[in-house]
Amino acid sequence: MTTIERPAGAPSQTVQVCGADVAFERAGNGPPLLVLPRDNGHAPRSEFIDGLANTNTVYYPWLPGFHNGGPEAWEWLTNIRDLAMVQRQFLGALGLERVTVVGLGFGGWLAAEMAAMGPERLEKLVLVGPMGIQPKNDYIMDQFIVSTENYARSAFSEDAAFDAIYDEEPDFEQLESWETDREMASRVAWKPYMYDPTLPRLLAGVPTPTLIVVGADDRIVPPECGELYRSALPNARLETINNCGHAVDLEQPALLASKVGAFLRS
């Protein structure tokens, strides 16, 4: 199996975008596929990413300004649309004209914003537990009222699933990474918190075939947001995975990869 995991401290690939480096991993062969991570970054390993790399060339960037994404070079970023524009230019810097985008959580919101800017470069769109639309009956979890570790744990339906990825006591480097991620999240998504009030109307003009996947037990983004995205996008379908929280790619990696693979082949 192709793997995207790297030893600690190993250099990633970089490309210049907007005058600064964007770090990314690349794995696999096949049609290009961009994966945008959640707001607390890359996990130490991902069976989901590995599964996608069996059939696609996967590009997996660190989000600019987040940990390992060069925070100091991206202090000028202040909103989600700027970040989405950087990701579109990232694709241009890689020479990718048409690409499928898979967005996880915060990355799902970012992918939706990229599509709203102009869907012509997107082959297909996959949104997994996406933030970005205000729920009507609940709220997106406020990460700033809990510790970064508790926020990361809340993405899983069971502690055992979290421990299998991050250990029972995450190391200092991981905790530091989450703190940097939270600082950047507050800069680009504080007011309003983790949603864009204009996004649903903008998505009405996005014909891109879209798969939306939510975890039935998501404690960070209410599952109703999946239905709101389905209603906003003219060519979307919604699937729910039971016994799973916000981090669908880490709790149910094989099932999610299977669903994404079937969607890409359809």
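The values are calculated or read from the model by the stated rules, or taken from the named source; none is laboratory data. Remember, predicted model here, so these are calculated numbers, not experimental data. Here Cβ is always computed from backbone atoms with ideal geometry, including for glycine, and neighbour counts include all displayed protein chains.
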* Scan segment 231-264 for residues that are within 13 Å of VAL126 (Cβ to Cβ) and part of a helix (DSSP H, G or I) and jot them down. => VAL248, ASP249, LEU256, ALA257, SER258, LYS259, VAL260, GLY261, ALA262, PHE263, LEU264
* Which of the residues that make up segment 251-262 are touching a residue at least 40 places away in the same chain (Cβ under 8 Å), crowded, with 19+ Cβ neighbours inside 10 Å and in contact with a strand residue (DSSP E or B) (Cβ under 9 Å, 6 or more places away or on another chain)? -> GLU251, LEU256, VAL260
* Structure fact -> Taking segment 189-215 and keeping residues assigned to a helix (DSSP H, G or I), among the hydrophobic types (A, V, I, L, M, F, W, C) and under 26 Å from ASP249 (Cα atoms) leaves ALA189, LEU199, LEU203
* Look through segment 117-141, keep the residues that are surrounded by fewer than 20 Cβ atoms within 10 Å (Cβ to Cβ) and of a type in the set (Lys, Arg), and return whichever of them is farthest from ARG187 (Cα to Cα). => ARG121
* Can you tell me which residue within segment 148-186, out of those that are outside any loop (DSSP other than H, G, I, E, B) and of a type in the set (Gly, Ala, Ser), is surrounded by the most Cβ atoms within 10 Å (Cβ to Cβ)? => ALA152
* Taking interchain pairs and intrachain pairs at least six residues apart, which have beta carbon atoms under 8 angstrom, with the first residue in segment 54-76 and surrounded by fewer than 21 Cβ atoms within 10 Å (Cβ to Cβ) and the second among the polar types (S, T, N, Q) and outside any loop (DSSP other than H, G, I, E, B)? -> ASN68/SER177; PRO71/THR180
* From the list ALA236, ALA204, pick out the single residue that is crowded, with 19+ Cβ neighbours inside 10 Å and either at pLDDT 95 or above or of a type outside the set (Gly, Ala, Ser) (or both). => ALA236
* Asked: How about segment 89-116: which of its residues are free of Cβ contacts under 8 Å to residues at least 40 places away in the same chain and buried (at least 16 other Cβ atoms within 10 Å of the Cβ)?
  -> MET114
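Look at ALA216 and say whether it is touching a Ser or Thr at 6+ places or on another chain (Cβ under 6 Å) and surrounded by fewer than 19 Cβ atoms within 10 Å (Cβ to Cβ).
yes
Select from segment 1-47 the residues that are of a type in the set (S, T, N, Q), at pLDDT 90 or above and closer than 22 Å to GLN252 by Cα and list them in ascending order. Spell out how you get there, then give the answer.
Initial filter on segment 1-47 (of a type in the set (S, T, N, Q)): 2-3, 12-14, 16, 29, 40, 46.
Going one step further and asking which of them are at pLDDT 90 or above, we end up with 13-14, 16, 29, 40, 46.
ASN40, SER46, listed by residue number.
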